[in-house]
1. Cβ-Cβ distance below 6 Å, separation of 6 or more or different chains: which pairs start in the range 209-234 with a residue that is on the phi > 0 side of the Ramachandran plot and surrounded by fewer than 20 Cβ atoms within 10 Å (Cβ to Cβ) and end on one that is outside any loop (DSSP other than H, G, I, E, B) and at pLDDT below 90?
2. What are the pairs with Cβ atoms under 8 angstrom where one residue, in the range 238-249, is on the phi < 0 side of the Ramachandran plot and modelled with pLDDT of 95 or more and the other, located anywhere, is surrounded by 14 or more Cβ atoms within 10 Å (Cβ to Cβ) and not in a helix (DSSP H, G or I)? Sequence gap at least six, or different chains.
3. Name the single residue, out of those in the range 203-246 being part of a helix (DSSP H, G or I) and closer than 14 Å to residue 166 by Cβ, that is farthest from the chain's Cα centre (by Cα).
4. Which condition breaks for residue 173 when tested against (1) modelled with pLDDT of 90 or more; (2) over 20 Å from the mean Cα position of the chain (by Cα)?
5. Of the residues in the range 247-268, how many are assigned to a helix (DSSP H, G or I) and loosely packed, with under 14 Cβ neighbours inside 10 Å?
6. What's the total number of residues in the range 315-327 that are in contact with a helix residue (DSSP H, G or I) (Cβ under 8 Å, 6 or more places away or on another chain), surrounded by fewer than 16 Cβ atoms within 10 Å (Cβ to Cβ) and either closer than 25 Å to residue 260 by Cβ or modelled with pLDDT of 75 or more (or both)?
7. Going by the conditions given, is residue 200 surrounded by fewer than 21 Cβ atoms within 10 Å (Cβ to Cβ) and either within 17 Å of the chain's Cα centre (by Cα) or assigned to a helix (DSSP H, G or I) (or both)?
8. Output the number of residues of the range 166-193 satisfying the condition of being more than 30 Å from residue 105 (Cα to Cα) and assigned to a helix (DSSP H, G or I).
């Protein structure tokens, strides 16, 4: 292990270890699922959560706390590594843009999910974002040209187009990460490409399968929205899979490295994707403890925890007791 790499990552790895100790543990999830005073319990972890807090208030409290804890890490790095962090932070930002698009298209999401770290990224005008009620208003809130172009591509109440927009946002995220790779040292470059490659493979399989099962579009259209830089599934394989029938695709997946993720049951598939990626990142972290791996792994844990808390609060808000047993199986399933 080179001295330069130790000097570059030591402070960040130490910070991540401390922050990881604050993440919720399985026993905390069990308490949250069983308590009659969910907000009271959540306020033990997020003290500024209002007593009447719903999903939006929870996310705001969570984002404020996360921002306070994670922003200093940005200052620990210099040059290319700051650019990597900006791109990783974009993951949170893009998820919020996706949710805003879903709201405008289906009205199934919180209308104005909070934006994270916008003053570092400067990609979104948060004030305009919070007020956006149309695609044009949302586009006007986008300072980053690729975001604006993707938002403007949307058509009202077009759920097919919505999925295309989400894939385009993912494509922009991964493109930026891969573009930075040559500025990193060899170990961090390897870690970045491994993490991106596995994630891209699973997003592509999810997209191709969903497109064939749900949308009336051509194989060429399916292929056009796949992402590049997969680990095991390259461009030629992506095209070939796009032209398979749904049954042929299921047969191919059943004999692939990702067969445990795509087992034919759409229920819980998101958690299985997250779990596979999480285990990949933790293995990279174990193999290269003084690298970007601990930080990337931790940031994914934060994202998954926020999703879990969303599920719990949403179940409480909508009183979906009938799904309580199912909810208990999905929360924390990525671990």
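The values are calculated or read from the model by the stated rules, or taken from the named source; none is laboratory data. Owing to the predicted nature of the structure, the values given are computational and were not obtained by experimental measurement. With ideal geometry, Cβ positions are generated from the backbone for all residues, glycine too; neighbour counts draw on all protein chains shown.
1. 229/178
2. Taking only residues 6 or more apart or on different chains, the pairs are 238/226; 238/230; 241/233; 242/226.
3. Initial filter on the range 203-246 (part of a helix (DSSP H, G or I)): 203-214, 219-224, 235-242, 246.
In the following step, the residues that additionally are closer than 14 Å to residue 166 by Cβ were identified as 203-204, 206-207, 210-211, 214.
Details: 203: 11, 204: 15, 206: 14, 207: 15, 210: 18, 211: 20, 214: 23 Å.
Only one residue fits best here, namely 214.
4. Single failed check for residue 173: (2).
5. We begin by selecting, within the range 247-268, every residue assigned to a helix (DSSP H, G or I); these are 247-254.
Filter again for loosely packed, with under 14 Cβ neighbours inside 10 Å, leaving 247-248, 251, 254.
Final tally of qualifying residues: 4.
6. Going through the range 315-327 one residue at a time, the tally reaches 1.
7. Considered against the rule, which asks whether it is surrounded by fewer than 21 Cβ atoms within 10 Å (Cβ to Cβ) and either within 17 Å of the chain's Cα centre (by Cα) or assigned to a helix (DSSP H, G or I) (or both), residue 200 comes out as no.
8. Pass one, the range 166-193, residues more than 30 Å from residue 105 (Cα to Cα): 178-193.
In the following step, the residues that additionally are assigned to a helix (DSSP H, G or I) were identified as 178-183, 186-193.
Counting residues in the range 166-193 that are more than 30 Å from residue 105 (Cα to Cα) and assigned to a helix (DSSP H, G or I) gives 14.
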